[in-house]
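The values are calculated or read from the model by the stated rules, or taken from the named source; none is laboratory data. Nothing here was measured: the structure is a model prediction, and the numbers come from that model. Note that we place each Cβ from the backbone using ideal geometry, even for glycine, and neighbour counts take in every protein chain shown. Quick note on the areas: whole protein, heavy atoms, side chains included, nothing else; ligands and nucleic acids left out. Shrake-Rupley method; radii C 1.70, N 1.55, O 1.52, S 1.80 Å.
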Amino acid sequence: MSDFVKVSRDGDVAVVTIDNPPVNALSFHVREPLMQALVELRDDASVAAIVIACAGRTFVAGADITEFGKPMQQPELRAIVAVLETIAKPTVAAIHGTALGGGLELALGCHFRVADAGAKLGLPEVKLGLLPGGGGTVRLPRLVGAVKALRMIVSGTPIGATEAHAAGLVDAVFEGDLTTHAVNFAREIARKGGPFTPVRDRNEGLKETDLVALDAEAADLARKARGLEAPIACALSVRNAVTLPFDAALAAERALFVKLVGSDQSRAQRHLFFAEREAAKVSGKDIVKRRIARVGVIGAGTMGGGIAMAFANGGYPVTLLETSHEALQRGLATIDRNYSVSVTRGSLSEVAKRERLAQFKGSTDYADLADCDLIVEAVFEDMAVKKEVFGKLEAVAKPGAILATNTSYLDINEIAASTSRPQDVLGLHFFSPANVMKLLEIVRADKTAPDALATVVDLARRIGKVAVVVGVCHGFVGNRMLAARGSESEALLLEGATPSQIDQVFTDFGWPMGPFQMGDLAGLDIGWRNRKARGLSAVIADTLCEQGRFGQKTGRGFYLYEAGARTPVPDPEVEALICDKAAEKGIAPRAISAEEIIERTLYPLVNEGAKILEEGIAARASDIDVVWVNGYGFPIGKGGPMFWAGLEGPAKIIERLEYWHQRTGKDVFKPAPLLKQMAETGSWNGDAIA
Ligand code: 3H9
């Protein structure tokens, strides 16, 4: 019928196959022929049943996200589902791969759903700042119950075929040729005879819904939404499915969808969806990658242990190296304990834990790294120490092995130049805890070989990391911008703000925590050590460290923490210390507004991002957004600092930066030329803000 939708016959069963690579999104060029095919098959008396299946690697993975924000071309998905529900003969969705978003909504328009044993089903629209707009919030609860539907829709996390079967979402699970199974299933159902009830008229899942429990769960989710509108809309729409007649609930869902799809939050989240995929693309895609069969990690401390776990979790055998037997045993014991916590929480089975632990080989002998294809060092952050490690590596690593440093700040070109194989040297900057945090900055040094770079980009995806390739500079993209954000925090304290006031402005903005809470969590001693090494100072933070106040780990930092607790309690002693230091410097305290806090912390963040782009340290503005959202908690609803700059208005940012530059003379406020260019063109180096 069309290149994208084909109809075939297996006896009296019609099979409609959607073929729209790569993920069978419901683009206009799919919807139009699909609608036409369904209408024709509905009216064809020789057809006893209809199967909807997909070619390629997956069932429909959703609406075509690239179409959002443009005028929607008819027919819309809702109209297709409405036609499906007028078909009297049985309709069966044959699901393999992933049935996501509009894909699952299409399947919910069918009378029956059968799935391959490995299939996944979900409504992830919330991750794009949306709610399911094709009837998902109204139909799913009718099958699986309101509470389960609420959890699936608000989390956006898909469930497996077996769980979907148990929940009543899927009618049969098959292994082997799914289309053949689906055709046989459809024929058998047709033979038994109808009537066949569309999901809109079923209500087994809605019976006995406990609205009080549903509301309690929704209230809890709303608290965790941190200013995001979509999770709240999702919860409301599921509630409507319970309390309103079907058509009224469907209309309400539509109204919410239309509002969200035009919102800045959804634009921001859609921007991030494509930004993450773009960031993983490096030029020279066809380069032959190096084979990575075993990974070596040097250092079994918090960072090294976490990195080793990240590789083991991704299925790679790991050789973990330490300087002494005791340190090695300590590191391995911590890894064992971390996995045990996952088992206790139910996120890992005992068997899986044993399998992961079996991936580790501990050693204190560099010679044991000889069979590793990638070696990551995570030793003390000191150039001399790093060079010594690379010197030892050179002697034992096999030719072509990739030699990576996990440095957060040091010059990787200098490390590479100290070896005879700089083409094999690069940075893998993991974020702590490395087995949990998604972000991985891959640092390309001047002489890093393209195939070494392509290999680690691919490897990052395999171990579930969001990778961004960056260039060499102090702190790379993330920590360099963090320094620009942080430089004014201390000054604001001395001028009259309190740590809790500043942190509150950040959490109101949507950050999970503010800079002082973050410092306390990470350990204030880390920044202190780094400042001392560079001859820098931060009067308040340094004094706290001198007093042994390192943050949560010592129960005291910018805040107080009760034993074992993580809740920060403002400490009058810290506020007194700030007053004393301000008085010493002759600074009279004044009232500081939330706007000033934003202007002096987040505008320099954007400005530094612009400088990073100018210097080519990041290839795209969207790469910077990916770094900040995945590594530093920049609110997803604002799309990352560079996207947010577009929302905030670059002209306004420049005007306020110039004001603060004039007042303070500080470099962080001097507007970058690229920021000015952005204000004139509306794009960062040609990348238009969505
Ligand atoms: C929705 O359905 C709304 C409805 O409720 C209401 C309608 C009225 N559209 O991720 P990958 C591209 S909202 C357009 O690398 P994987 C992607 O950009 C949607 N393009 O593959 C990439 O392009 P490129 C709800 C899409 O195997 C390529 O496909 N659905 C879409 O790692 C490969 O993607 C979702 O949110 C799309 N929907 O993962 C699901 N999806 O090669 C979103 C992908 O040029 N998709 N692309 O960079 C996913 O989660 C993953 O793509 C998936 C495959 C798990 C399917």
> Of all residues in the stretch 391-409, which are in a helix (DSSP H, G or I) and crowded, with 21+ Cβ neighbours inside 10 Å?
Replying inline: L393
>> So the check is Cβ under 8 Å with 6+ separation or different chains; which pairs have a first residue in the stretch 448-460 that's modelled with pLDDT of 95 or more and in a helix (DSSP H, G or I) and a second one that's of a type in the set (D, E, K, R) and surrounded by 24 or more Cβ atoms within 10 Å (Cβ to Cβ)?
In response: A452/D424
> Would you pick out the residues in the stretch 16-40 that are open to solvent by less than 10 Å² (accessible area, probe 1.4 Å), more than 19 Å from G101 (Cα to Cα) and not small (G, A, S)?
Replying inline: V16, L38
>> Step by step: first the residues of the stretch 260-292, then only those that are within 9 Å of the ligand (Cβ to nearest atom) and modelled with pLDDT under 90, then the one that is surrounded by the most Cβ atoms within 10 Å (Cβ to Cβ). Which residue is that?
In response: A280
> Regarding L328, is this residue in contact with a Gly (Cβ under 9 Å, 6 or more places away or on another chain) and either open to solvent by 40 Å² or more (accessible area, probe 1.4 Å) or part of a loop (DSSP other than H, G, I, E, B) (or both)?
Replying inline: no
> Is there any pair linking a residue in the stretch 341-357 that is farther than 23 Å from V295 by Cβ and without any contact (Cβ under 8 Å) to a residue 12 or more places away in the chain to one that is of a type in the set (G, A, S) and open to solvent by less than 80 Å² (accessible area, probe 1.4 Å), with Cβ under 9 Å and at least six apart or on different chains, and which?
Replying inline: V343/S349; V343/A352
> Is it the case that A230 is under 29 Å from the mean Cα position of the chain (by Cα) and under 17 Å from L130 (Cβ atoms)?
Replying inline: yes
>> Condition first: in contact (Cβ under 8 Å) with a residue 60 or more places away in the chain, surrounded by 24 or more Cβ atoms within 10 Å (Cβ to Cβ) and touching a Gly at 6+ places or on another chain (Cβ under 7 Å). Now tell me which residues in the stretch 49-80 satisfy that.
In response: F59, G62, A63
>> Please go through the stretch 574-615 and give me each residue that is closer than 20 Å to A679 by Cβ and either among the aliphatic types (A, V, I, L, M) or open to solvent by 50 Å² or more (accessible area, probe 1.4 Å) (or both), ordered by number.
In response: E595, I598, L602, L605, V606, A610, I612, L613, E614, E615
>> For the stretch 8-67, give me each residue that is in a loop (DSSP other than H, G, I, E, B), away from the ligand (no atom under 15 Å from the Cβ) and not acidic (D, E).
In response: G11, A45, S46, V47, A48
>> Yes or no: the stretch 526-549 includes at least one residue that is within 26 Å of the chain's Cα centre (by Cα) and over 22 Å from N406 (Cβ atoms).
In response: no
> Within the group R113, R187, R139, R200, which residue is open to solvent by 50 Å² or more (accessible area, probe 1.4 Å) and touching a helix residue (DSSP H, G or I) at 6+ places or on another chain (Cβ under 6 Å)?
Replying inline: R200
>> Tally up the residues in the stretch 2-15 that are more than 30 Å from K192 (Cα to Cα) and surrounded by fewer than 18 Cβ atoms within 10 Å (Cβ to Cβ), please.
In response: 2
